[in-house]
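The structure under discussion appears below in the form of C-alpha cells.
The values are calculated or read from the model by the stated rules, or taken from the named source; none is laboratory data. The shown structure was predicted, so the numbers you read here are calculated from the model rather than taken from an experiment. Positions of Cβ are generated from backbone atoms using ideal geometry, with glycine treated the same way; all protein chains shown enter the neighbour counts. Just so you know, the surface numbers come from the protein's heavy atoms only, side chains and all, with ligands and any DNA or RNA stripped out. Shrake-Rupley method; radii C 1.70, N 1.55, O 1.52, S 1.80 Å.
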Amino acid sequence: MEGLTDGALYKNTIRNMEHAAKITKLSQSAVERLRNPRRAIIVSVPVRMDDDSIKVFAGYRVQHNQVLGPFKGGIRYHETVNLSEVAALAALMTFKNSLLNLPLGGAKGGVTVDPTQLSKRETEQLTRKFVSEIAPWIGPDRDIPAPDVGTSSQTMAWMLDQYSNESGFSQTGVVTGKPVEIGGSAGREAATGLGVVYIIEKVLEKQNRKIKGVTIAIQGFGKVGMHAAIEAHLLGAKILAVSDVHAAIYNPEGLNVPELVTYYNEKMTLDGYHGAKKITNDELLALPVEVLAPCALDGTVNSNNAEGVKAKIIVEGANGPVTANANEILHAKKCLIVPDILANGGGVVVSYFEWVQDISWLFWDETQVREKLRMVMDRSFDKVWDFSQRNSLDMRTSAMAVSLMRLEGAMKLRGQIW
Ligand code: NAD
C-alpha cells in the first residue's frame, strides 16, 4: 500500500518477519495478514498558535493487529513522523506484545511536528485536537496510547482529560504512562530503561558475569536512555558515554550519572556538562565499551558507522535503531544484538500493569511493579535465548519466531486463518 508499507523501517520489519516465518514454517495466510496493518487513520490537527496564526499538522494512528487483545502503542511528536514509520512502529508493537505474552495488539500514533518549537499552550491544544480526531477509534477496550519520542506523562494527562470530556465521564484506562496522581502506575517512568538493564544483566548472566564494572555507552538521554543510565549506574556498571540530539559526552573513568541527571534536568541538554569530554554521536558508537545501548531513534546504527562499532553486545533500547545492513555487518563481527521487541519491552509491560490497575481500581507499589516486570522480562528473555540456542539462530530471528508462533495460534483459534 503506497505511503503506508513502503518506508525503510516498515520494509525491514516485514523482512525480519518473513525470515522468521520461514524458519517457523508459518502459514502463508498468517504472513499475509501480518504483512498489512488492519487500519490507518490520517487526520489534520489545526492549532491556533500564540501569534494568532493557524497551523495544521498531520496526525496518524495505525492499528496493526488485534488478535491478542486491544490495540496498544505510543504516540510520537517529531518532525520526521510519517505514515509508513508509524505503521512500522505499530507492527513492532504487535510482535512485541505477542513475544511478551501480553493480551494486547499493536498500534502506534504520531504527529509531524517539532515539539521543541511549540509553547506549552500550543502543545496542549495540539494534543487535545489530535485526541478529538482519533477518539472514535481509541478507548480502554479498543486502543490505548502511551508516551513515545517527544511526548510525556503530561501529554497523556491531556489526552485522558480530553477523551474523558468527550465521553462524559472519567476514563483513566484510555492511556498509560500518565502521572501517578491521576491513575498512572508506580514505576512506569523508569520501566523501559529498567527493562533494558534487566536484559543486559540476562546477557551477562549467560556469560557468567555480573553487571558491576561492565562498561556501557548509551545513545539518547530521554525517557529510555536516562533511566537505563540511572539503573545501570545504581547496579555498579560504568556508564562511559551518553548522548542526546545536541551532544555526546565521554568519560573513560565513568560518568557521575546522578550529577549528570541533575544537570540535564536543569539545562535540558547534555551540551556544556563539565565532567566529561564532548565527542560526536558517531564517536560514541565506536567507543571501546562492552555494551552499546542505542536508545534514541530508528536507523542510528547503519552501514555508515556499523563497521566502527566495538561493543560485543548491543541492546536495542530504541525501536529499529540497527538497520538491516548494519545488522549483517555486526553479525559478521560476532556482536550479540538483543532486538527491540525484547530489549525495550519493559515500557509496554508496565503500561499493561497500569491498564490492569486502572480497570480494576486497585494500585500496586513500586516494589510489586518491579518484581513483576523482572519476572516478565526474565521469562521472555529465556524463551528467546533457548529458541536461539536450540536452533542456532540469532536473537532477532528467535524473538520474532517466538512472537509469530503465538500470533499464528491465536489467529487459527479465532478462525482468521486456516
Ligand atoms: P525521548 O523523546 O524521551 O528521548 C529521545 C532521546 O533521543 C532524546 O535524548 C533526544 O535528544 C535523543 N536523540 C534524538 N535524536 C538523536 C540523534 N540523532 N542522536 C542522538 N540522540 C538523539 O524518547 P524515548 O521515549 O526515550 O524513546 C526513545 C526510543 O525508545 C524510541 O525509538 C522509542 O520508540 C523507543 N521506546 C520508548 C519507550 C518509552 O516507554 N518511552 C518504550 C519502548 C521503546
Taking only pairs six or more apart or across chains, which ones have beta-carbon atoms under 8 Å, a first residue in the stretch 202-226 that is open to solvent by 30 Å² or more (accessible area, probe 1.4 Å), and a second residue that is within 16 Å of the ligand (Cβ to nearest atom) and assigned to a strand (DSSP E or B)?
-> Lys223/Pro147
For the stretch 168-181, pairs from a residue that is on the phi < 0 side of the Ramachandran plot to a residue that is modelled with pLDDT under 95 and surrounded by fewer than 24 Cβ atoms within 10 Å (Cβ to Cβ), with Cβ under 7 Å and 6 or more apart or across chains, are Gly173/Ile359
Looking at (1) under 21 Å from Lys72 (Cα atoms); (2) buried (at least 19 other Cβ atoms within 10 Å of the Cβ), which is the one condition that is false for Ala20?
-> (1)
Mind telling me which of the residues Val45, Val111 ends up being farther than 16 Å from Asp340 by Cα and under 17 Å from the mean Cα position of the chain (by Cα)?
-> Val111
Enumerate the pairs (first residue in the stretch 236-253 and under 21 Å from Thr80 (Cα atoms); second residue anywhere and within 16 Å of the ligand (Cβ to nearest atom) and among the charged types (D, E, K, R)) with beta-carbon separation below 7 Å, excluding pairs fewer than 6 apart on the same chain, so at least 6 apart or on different chains.
-> His246/Asp271; Ala247/Asp271; Ala247/Lys278
Breaking point among (1) touching a Phe, Trp or Tyr at 6+ places or on another chain (Cβ under 7 Å); (2) within 12 Å of the ligand (Cβ to nearest atom); (3) within 21 Å of Val261 (Cα to Cα), for Ile218 | (1)
Has the stretch 239-254 got any residue that is in contact with a Ser or Thr (Cβ under 7 Å, 6 or more places away or on another chain), part of a strand (DSSP E or B), open to solvent by 50 Å² or more (accessible area, probe 1.4 Å) and not aliphatic (A, V, I, L, M)?
-> no
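Residues checked against (1) more than 16 Å from the ligand (Cβ to nearest atom); (2) within 17 Å of the chain's Cα centre (by Cα); (3) open to solvent by 20 Å² or more (accessible area, probe 1.4 Å):
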position: His331; (1), (2), (3): yes, no, yes
position: Ala343; (1), (2), (3): no, yes, no
position: Gly347; (1), (2), (3): no, yes, no
position: Val356; (1), (2), (3): yes, no, yes
position: Arg379; (1), (2), (3): yes, no, yes
position: Met395; (1), (2), (3): yes, no, no
position: Lys412; (1), (2), (3): yes, no, yes
Give the residue, chosen from Asn302, Asn325, that is within 16 Å of the ligand (Cβ to nearest atom), free of Cβ contacts under 8 Å to residues at least 60 places away in the same chain, among the polar types (S, T, N, Q) and more than 19 Å from Ile211 (Cβ to Cβ).
-> Asn302
Cβ pairs under 6 Å, 6+ apart or interchain, first in the stretch 54-82 and on the phi > 0 side of the Ramachandran plot, second surrounded by fewer than 23 Cβ atoms within 10 Å (Cβ to Cβ) and in a loop (DSSP other than H, G, I, E, B), ordered by first then second residue, are Gly69/Pro103
Quick one: His246 ticks every box in (1) under 11 Å from Ala296 (Cα atoms); (2) modelled with pLDDT under 95 except a single one, so which number is it?
-> (1)
